[in-house]
Amino acid sequence: MIVKEDFLSKLRRYFVLNLYEVKIWTALLSRGVATAGELSDIANVPRSRSYDVLESLERKGFVIMKLGKPIKYIAVPPQEVLERVKKNLSEEAAERVKRLEELKTTDVLGELHSLHTQGIELVEPTELSGSLRGRHNLYSHLELAIRNAQSSVTLMTTPQGLLRKAEGFRPVFERLKKKGVNIRIAAPLTKETKDAVKELAGSAEVRHSDTKARFCIVDGKELVFMIMDDQNVHPTYDVGIWVNTPFFASALENMFNVAWKNMKPVAK
């Protein structure tokens, strides 16, 4: 039996299996019913490992052990496997979330907070920085920084960046607005951004800027800036830099304030 490597890779990713598991599983699917030895030969998996792998697949609901001698295994239909995997992942995720929620009521979180706040004073400012690779990671960190804002959020972005922020951050902006946080966004406004500007109207002030830049300043002390043009880079290769430096962040915000006065407000 020849199964392409890219197909096996997809199965591993979608069904959360290791290489031996996907090999044994696909071998059994091709036979319907088979012994561990037969599957070992077909899948090119060491016979000493095939029993462990089949036991693991049985626990996960991919196969059924047939009674009798020699012991044989029956393949569960793929559609049924899909539903079982979905259910198992859902239950596992719910259990993990429950444990994390329970953590809030224990002393563990308090001790972790103490470690962080006591140790943070000893950290050099240059250590409070990092590189963020991939737009998903970049936006996750950006959301964290914005969510913790106490007084102000200053954003400069591109037309496409404005669309992404209107879609992903609008609920966060609305919560911050209720707390009295001042949110300002500057971007080159186009016909495509018209709806996004309307969506943000209740929570942020948006102005048109001819300057093309990508950065975010939170409370005049925390800065996230992107070093790539989002029109010329694939999301997985996007790169950002996070720094916690009041000196540089406040200086950049002061320059933004001067430019902000000359930016064209959005027409009511």
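Just so it is clear, none of the values below were taken in a lab; they were calculated from the coordinates. It should be emphasised that the depicted structure is a prediction, and the values quoted were computed from it without experimental measurement. Virtual Cβ from ideal backbone geometry, glycine too; neighbours counted across all protein chains shown.
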Distance violations [Cα-Cα > 21 Å] among Lys60/Lys87; Lys212/Lys261; Lys10/Lys72: Lys10/Lys72
The chain - mean residue ellipticity at 222 nm from DSSP helices (-39,500 (n - 2.57) per run, n ≥ 4, rounded to 500): -17500 deg cm²/dmol
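Which percentage, to the nearest 5, of the DSSP beta bridges contained in the chain is antiparallel?
Bridges in the chain that DSSP calls antiparallel: roughly 75 percent.
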FRET efficiency, 1/(1 + (r/R0)^6) with R0 30 Å, evaluated for Leu89 and Tyr237 via beta carbons: 0.55
Convex hull projection area averaged over all views, the range 139-268, Cα basis, nm²: 7.4
Convex hull of Cα atoms in the range 5-76, direction-averaged projection (nm²): 4.3
Counting DSSP beta bridges with both ends in the range 119-268, the antiparallel % (nearest 5): 70
Vicinal HN-Hα couplings computed from phi for the range 129-139 (Karplus, 6.51 cos²θ - 1.76 cosθ + 1.60; Hz; Gly/Pro x): 8, x, 9, 10, 10, x, 5, 5, 5, 4, 6
Amide H contacts under 5 Å for Lys72, placed H, 5+ residues apart: Lys66
Distance between the range 57-107 and the range 136-189 - C-alpha centres, whole angstrom: 39
Rounded FRET efficiency, nearest 0.05, which uses the C-beta distance separating Asn262 from Lys194 and R0 of 22 Å: 0.50
3J(HN,Hα) from dihedral phi, the range 152-158, Karplus parametrisation 6.51/-1.76/1.60, rounded to Hz, x for glycine, proline: 8, 9, 10, 10, 10, 8, 9
Cα-Cα pairs of the chain separated by more than 34 Å (percent): 47
Kirkwood hydrodynamic radius (C-alpha pairs) into Stokes-Einstein, the range 125-203, 20 °C and 1.002 mPa s, D in µm²/s: 160
Hypothetical label at Arg133: residues of the range 237-254 whose amide nitrogen lies under 16 Å (7 Å Cα-Cβ projection): 237-242
Estimated FRET transfer efficiency when R0 is 45 angstrom, pair Leu19-Asn254 (beta carbons, to 0.05): 0.20
